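The values are calculated or read from the model by the stated rules, or taken from the named source; none is laboratory data. Predicted model only: the values in this text are computed from it and were never measured. Glycine gets a Cβ as well: all are built from the backbone with ideal geometry, and neighbour counts include every protein chain shown.
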Amino acid sequence: MPRWLDSSLAGALVLAASPVNADTDRRCRVVDLELQPLASEGNQFAPQIVAWLEDTAGNFVETVYLTQATGTFGLGNRPGRVDFNSGPLWPYGRRTTTFPVWSTKQPLRWPLIEFQDGNDDGLSHALNESSRELHYCRPMKPAEIDGMTCATSFVATDKGILGTASSKYPPREDLVLSDVDHPSAEMMAMLNPFDTISEPTPILGALARISHRLSPEVPPGDYVLFVEVAKEFDHNATYSAIAYPGPQIIFADYGKPYRGQPSVIYRVPLRLDITNTTGVALDYAGYGDPEGVDGAIRPPDDTITTTVPGSGAGRLGLIASGSSMFRVRAQARHELDDIEPDHPRRLGATAITSSSATVTFIAPGDDYQTGTVQGYEIRYRAGEPITEANFATSTVVTTSVELAAARTEQALVIEGLLPETTYSVGIRAFDDCRNTSTLSVIEVTTESRTAGAVEACFVATAAYGSAMAGDVEQLRSFRDRLLGKTVLGELAIESYYTFGPVLARLIGESELLRATSREALRPVIDRVR
């Protein structure tokens, strides 16, 4: 057994393999959370949220809720420097400042993920170490960032290697590996025990209700529920881009410094008993280490913004319920749930583009067709049907779906798809005891790419596997500085936009064609230089 696979990780493997809803016992104790994450002016990045339970002596009990960026996509344990810049779906950098309190309190430890070439400063990585990326975008320059979308549909990233050092954060769980990935990457999903409790960040500005089925081993008694909330680019006078700049490295002009105000913590006393009990938190209890090194909770002070919705202590909105006000409310209750949710019905597809599709369905009920389900698990596969057998290894859809009562039509938008590709989309519902429905499936075929919505160096990107490759940068610079300023150059660009996407699709799927294309581009790049 490798040195890093200690008893804690062995326990994580057991937890990950254990069924959440055993058919032999539908009784469950549930903790319900109510909170409202907010956007702030000029910062539409979704906050990251984790909730966990401790006893009154401060001993960690269990994780209750974790947003997908950390729980599924390995935000805290990715290859690259912690101070790398960031942007929409930025792929690299260990964000150890995300949940310093939770990550220190929870007992599991994982191997640190490192780049295959060992270069922690690198944003551009070799083709033979970079495979197709199904979740993250490539790093982008600030001027390229348009909303929260990727700049290109073909992205290749280095998924990393399990190193010998230790991390307090889990690795990615979502990888679909290829021959260029390191063999140790196959262990990443096995080592991540949080798939069953990881969910998309709730819809910003909407009241969210999150339910968690407690482990039966948790005894009755007094506890404390902690909620830690983090957010990129949440700057103020103390925690500014000047105070916490990005590193001075090659490609330093990609992304922006993201390290603003540290994570903030809310504390909710809660009793677990045979009766239903409720606890609330109105004000934040403190904040985490700005450097992400220790797990101490700093007491509130004037370095944290308290008057701006969506920022600092206001990352969670103030909620009025009757005569009470709170930012987090938790309720502990018992439930006997012997009925599975119905499955989503009448799936349809609308608003299909070259990179996205809207899937509609009729909402199921918590108890077959009665009530409201707790949430949905949504995944897709390209080129083959999605089934119960391969659902767990399919690509996760991170869209939050606003819950509605049974028999209500609902819709979700799936983005980041490839043009002219058939996807099999699977949706299943779960209730607050984590009983799951059967799988509902629909096939969606995306439209062809429009001429104006292409990655400007798509053929070179397909050939080299990354838009960050140095040779791709040479071609992009030549296009911007010279080709676009002449009539013949403009004609060449238009022809490239017309025929390039077809070539890129063919090249991107074949290593032989990619190698041949690189050789064909070599004299062009030499001439550009």
Point to revise | the range 418-440, subset hydrophobic (A, V, I, L, M, F, W, C) and surrounded by fewer than 19 Cβ atoms within 10 Å (Cβ to Cβ), residue modelled with the lowest pLDDT | key: Leu418
Point to revise | Residue that is at pLDDT 95 or above and either assigned to a helix (DSSP H, G or I) or farther than 29 Å from Gly42 by Cβ (or both), where the choices are Asp222, Asp195 | key: Asp222
Check your understanding: Can you name the residue in the range 92-120 that is out of contact with any Gly (no Cβ under 8 Å at 6 or more places or on another chain) and surrounded by fewer than 24 Cβ atoms within 10 Å (Cβ to Cβ) and is also farthest from Thr56 (Cα to Cα) among such residues?
Key -> Asp117
Study note, to complete from the structure: Of the residues in the range 293-330 that are polar (S, T, N, Q) and touching a Gly at 6+ places or on another chain (Cβ under 8 Å), the one that is nearest to Glu232 (Cα to Cα) is Thr305
Review point. Based on what the data block shows, is Arg381 on the phi > 0 side of the Ramachandran plot and either touching a residue at least 12 places away in the same chain (Cβ under 8 Å) or surrounded by fewer than 21 Cβ atoms within 10 Å (Cβ to Cβ) (or both)?
Key: no
Check your understanding: Tyr266 passes all but one of (1) hydroxyl-bearing (Ser, Thr, Tyr); (2) over 25 Å from the mean Cα position of the chain (by Cα); (3) closer than 22 Å to Phe45 by Cα; (4) not in a loop (DSSP other than H, G, I, E, B); which number fails?
Key -> (2)
Review point. Out of curiosity, is Leu177 assigned by TED's automatic domain parsing to the domain that holds Gly76, modelled with pLDDT under 90 and not polar (S, T, N, Q)?
Key: yes
Check your understanding: Here are Thr306, Thr350: which of them is surrounded by fewer than 14 Cβ atoms within 10 Å (Cβ to Cβ) and in the same structural domain as Ser211 (by TED's automatic domain parsing)?
Key -> Thr306
Review point. Can you name the residue in the range 384-422 that is β-branched (Val, Ile, Thr) and either in the same structural domain as Met190 (by TED's automatic domain parsing) or under 17 Å from Asp174 (Cβ atoms) (or both) and is also nearest to the chain's Cα centre (by Cα) among such residues?
Key: Thr398
Exercise for review: Evaluate the following for Ser86: is it touching a helix residue (DSSP H, G or I) at 6+ places or on another chain (Cβ under 9 Å) and polar (S, T, N, Q)?
Suggested key: no
Revision key, fill the gap. Filtering strands (runs of 3 or more DSSP E) wholly in the range 349-447 for at least 1 residues that are of a type in the set (D, E, K, R) gives 375-382, 409-414, 422-430, 440-445
Point to revise | Criterion (at pLDDT 95 or above, of a type outside the set (D, E, K, R) and in the same structural domain as Glu217 (by TED's automatic domain parsing)) met by exactly one of Val20, Val82 | key: Val82
Review point. Quick one: is Leu204 part of a strand (DSSP E or B) and of a type in the set (A, V, I, L, M)?
Key: no
**Study point:** Flag if Gly160 is touching a Pro at 6+ places or on another chain (Cβ under 7 Å), over 30 Å from Gly42 (Cβ atoms) and at pLDDT 90 or above
**Key:** yes
Practice item. Among the residues of the range 251-263, write down those that are in a loop (DSSP other than H, G, I, E, B) and either in contact with a Leu (Cβ under 6 Å, 6 or more places away or on another chain) or surrounded by 14 or more Cβ atoms within 10 Å (Cβ to Cβ) (or both). Key: Phe251, Ala252, Tyr254, Gly255, Pro257, Tyr258, Arg259, Gly260, Gln261, Pro262, Ser263
